[in-house]
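The values are calculated or read from the model by the stated rules, or taken from the named source; none is laboratory data. Fair warning: this is a prediction, and the values are worked out from it, not measured in the lab. Note that each Cβ is placed from the backbone with ideal geometry, even for glycine, and that neighbours are counted across all protein chains shown.
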Amino acid sequence: MISEIIKNRRAVFHAQYNEEPITKEEISTILESANWAPTHKRTEPWRFKVFHGVSQVGLGKFMAETYKTTAAKFSENTFNKFVENAVKAKCVIAICFQRDPKEGIPEWEEIAATSMAVQNMWLTASEMKIGAYWSSPGFIKHMDQFVDLNEGERCLGLFYMGKYDGELPEGTRKTSIEEKTLWI
C-alpha cells in the first residue's frame, strides 16, 4: 500500500550500502516513475544525469576538486569523502531541471515539479529495497563544468543510491499533522 511505502521511506546513506550492484533496468524503473510526477502545463522540467559504474570515479574527483577550490574552510577528510562516496553508492543521479521562461511558469513551480519527480524516484527505490538520499552541496552550481547542461538547465543536487541489508529504523515526526493543519 502506498501509504506504508511513504511512511517507511528513509534516507539511507553510504555507510549502510552493501556491495550489491544496481542494474540499469532498476535505474530505468526508478527514472520512469519520476517521469510521472505532476507538472504544470506539462512542461516536465526534470532532467537527470546518471553516473553508473566507472563514471562515478570522475564525478567523485570533480566534486572533491570543486570543493577544494570553493570551500571557505578546507578539510582533507571532507575532500576524501567526496571521492569515496561517489563510488560507495552504486549509482548517483544529478537532479536537474530545465526551465523555459517563455512558458511563463514560475521557477519555483518547475523546482517543485522536479522535487515531486525525485519523491517518486525515492518511493520507487524504497519499494525495491534500494536506499537513497538527496544531497545538495554548495558547489552543485558548478556542475555545468562537469556535465553538459542545456540553456536554462540547472542542477539542484545529487541522488545517491545503494542496496542495503537489514531493516531501517521506524520513522518519527516532531508534531502531528493536526498541529500543522488549520481547518477553515
Scanning for something over 19 Å from residue 139 (Cα atoms), assigned to a helix (DSSP H, G or I) and modelled with pLDDT of 95 or more, does region 91-104 turn up at least one residue? no
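Among the listed residues 97, 74, 62, which satisfies the condition of being farther than 23 Å from residue 163 by Cα and in contact with a Ser or Thr (Cβ under 8 Å, 6 or more places away or on another chain)?
On the way: 74 fails: in contact with a Ser or Thr (Cβ under 8 Å, 6 or more places away or on another chain); 62 fails: in contact with a Ser or Thr (Cβ under 8 Å, 6 or more places away or on another chain).
Unique residue meeting the criteria: 97.
Okay, residues lined up against (1) over 30 Å from residue 42 (Cβ atoms); (2) in contact with a strand residue (DSSP E or B) (Cβ under 6 Å, 6 or more places away or on another chain):
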{"residue": "76", "(1), (2)": "yes, no"}
{"residue": "84", "(1), (2)": "yes, no"}
{"residue": "93", "(1), (2)": "no, yes"}
{"residue": "101", "(1), (2)": "no, no"}
{"residue": "114", "(1), (2)": "no, yes"}
{"residue": "157", "(1), (2)": "no, yes"}
{"residue": "174", "(1), (2)": "yes, no"}
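If you check residue 52 against the conditions, is it closer than 12 Å to residue 92 by Cα, modelled with pLDDT of 95 or more and not β-branched (Val, Ile, Thr)?
Numbers: closer than 12 Å to residue 92 by Cα: yes; modelled with pLDDT of 95 or more: yes; not β-branched (Val, Ile, Thr): yes.
So residue 52 passes the test.
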Do we find a residue being loosely packed, with under 14 Cβ neighbours inside 10 Å and over 14 Å from residue 59 (Cα atoms) anywhere in region 107-125? yes
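Only residues that are assigned to a helix (DSSP H, G or I) and under 20 Å from residue 113 (Cα atoms): list them for region 28-58, please.
In the first step, residues of region 28-58 are kept if they are assigned to a helix (DSSP H, G or I); the result is 28-34, 40-42, 55-58.
Within region 28-58, 28, 29, 30, 31, 32, 33, 34, 40, 41, 42 qualify.
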Filtering region 1-23 down to residues that are part of a loop (DSSP other than H, G, I, E, B) and of a type in the set (Val, Ile, Thr) yields 12, 22, 23
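Can you tell which of 74, 97 is touching a Pro at 6+ places or on another chain (Cβ under 6 Å) and not charged (D, E, K, R)?
Numbers: 74 fails: touching a Pro at 6+ places or on another chain (Cβ under 6 Å).
Selected residue: 97, the only one of 74, 97 that is touching a Pro at 6+ places or on another chain (Cβ under 6 Å) and not charged (D, E, K, R).
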Does at least one position in region 33-44 carry a residue that is among the β-branched types (Val, Ile, Thr) and under 22 Å from residue 132 (Cα atoms)? no
Return the total of residues in region 49-67 being without any contact (Cβ under 8 Å) to a residue 60 or more places away in the chain, in contact with a helix residue (DSSP H, G or I) (Cβ under 7 Å, 6 or more places away or on another chain) and within 29 Å of residue 152 (Cβ to Cβ). 7
Could you list all residues from region 145-184 that are small (Gly, Ala, Ser), in a loop (DSSP other than H, G, I, E, B) and surrounded by 10 or more Cβ atoms within 10 Å (Cβ to Cβ)? 152, 171
